[in-house]
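Values quoted throughout were computed directly from the atomic coordinates according to the rules given, and no laboratory measurement underlies them. Keep in mind that this is a model prediction, so the values were computed, not measured. Cβ atoms come from the backbone with ideal geometry, glycine included; neighbour counts cover every protein chain shown.
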Amino acid sequence: MSSPRIRMSVLKLTPAAAERVRSIMTKKGPEIAGLKIGVKKGGCAGMEYTMDWTDTVGKFDEVVEQDGARVIVDPKAVLYLLGTEMDYKVDKLSAQFVFNNPNQASACGCGESVNLLPASKEALEAAKG
């Protein structure tokens, strides 16, 4: 009998991010499957993070469940988000989710877009377990 494969999560949530996602999910009701995160081409740095509430989980989506929060990662974004920490920051003028992404090469001055590189071969091997 083989031992189960341990997989590295695509991303991790800080306690603040998990609390915020869980809080919003509760308000939206049981029909919400979770917060779907992805990336798309756009912005002055080349890519933008996307976040939308969804009521379905796709066959190839990665699901991250932590402290009652559920984040669903679009399969096209996995290589760009591998190893990312999602946080929720509140300051005097704003409250927002923040991505601490090791695959981020740079960001634009306005903070709306990023330059992301696919995860390295080493990171992929580590994720396979």
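Please tell me which of these pairs span more than 19 angstrom C-alpha to C-alpha: Lys12/Lys89; Lys27/Lys92; Lys40/Lys76; Lys27/Lys59?
Lys27/Lys92; Lys27/Lys59
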Could you please report the charge total around Thr26, scoring K, R as +1 and D, E as -1 over all other residues with beta-carbon less than 13 angstrom from its beta-carbon?
+2
If R0 = 22 Å, then Glu48 and Ala95, at their Cβ-Cβ distance, give a FRET efficiency to the nearest 0.05 of 0.70
Computed on Cα atoms, Rg of the range 44-93 relative to 2.2 N^0.38 Å comes out at 1.33
Would you grab the residues whose amide H sits under 5 Å from the one on Gly46? Only those 5+ places off in sequence or on another chain, please, with H modelled 1.01 Å from N.
Val114
Using a 7 Å offset from the Cα along the Cα-to-Cβ direction at both Lys76 and Val63, what is the distance between the two label points in nm, to one decimal?
2.3 nm
With Cβ to Cβ distances under 15 Å as the rule, what net charge do the other residues near Gly58 carry (K, R +1; D, E -1)?
-1
Going by amide H atoms built from the backbone, whose H comes under 5 Å of the H on Glu62, apart from near neighbours?
Val73
